[in-house]
Amino acid sequence: MQGKMVEKDELLAMLTEIYDQLEELENVLESNLSGLRQDWYYEQSEKLEVCESRLEAIEEDMTVIKSEADNIEDAKRSAGMKLELGF
């Protein structure tokens with residue numbers, strides 16, 4: 001009987017040690033994953049900011065191009081009207 005109690009105690013001690021190691025591993029993994037999540041979030045934020053800057057630049061260029069096209073169209077209309085009035 002004494003032998004079985006010792007084996008049970010040894011087994012219980014081993015399981016307790018495994019449990020403690022698993023808890024420690026869980027804490028380390030959580031810490032590492034949290035750091036990775038923060039790094040990934042920061043990288044994605046930077047990429048989005050770059051995209052935002054490019055998009056704003058393209059929108060500004062398109063505004064300038066549209067404005068120039070409107071000015072050319074207005075100039076054509078007024079030139080056409082002058083010709084019509086001349087006849």
Q | Read-out percent of Cα pairs over 23 Å apart, derived from the coordinates shown; its label in [x] 68; [y] 29; [z] 57 | A | [x]
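Under the 0.36 nm per residue contour assumption, what length would be gained going from the current alpha-carbon distance of E26 and L48 to full extension?
Values: separation 22, 0.36 × 22 = 7.92 nm, distance 3.22 nm.
Net length gain for the segment: 4.7 nm.
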**Q.** Segment E73-K4, extension gain: residue separation times 0.36 nm, minus the distance between their alpha carbons
**A.** 14.9 nm
(Q) Could you work out [θ]222 nm for the chain from helices alone, using -39500 (n - 2.57) per DSSP H run of at least four and dividing by all its residues? Round to the nearest 500 deg cm²/dmol. (A) -37500 deg cm²/dmol
Q. Which aspartates and glutamates have a Cα less than 15 Å from the Cα of K76, not counting those fewer than 8 places away in the same chain?
A. E68, E84
Q) In degrees, nearest 10, range 0 to 90: what is the angle between the Cα axis of helix 2-86 and the longest Cα principal axis of the chain? A) 0
Q | Whichever aspartates and glutamates have a C-alpha closer than 17 Å to that of K8, once near sequence neighbours (fewer than 8 apart) are set aside | A | E17
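Every read-out reported here was derived from the displayed coordinates using simple, explicitly stated rules and does not represent laboratory data. In this text, all values refer to a predicted model and were calculated from it rather than measured experimentally.
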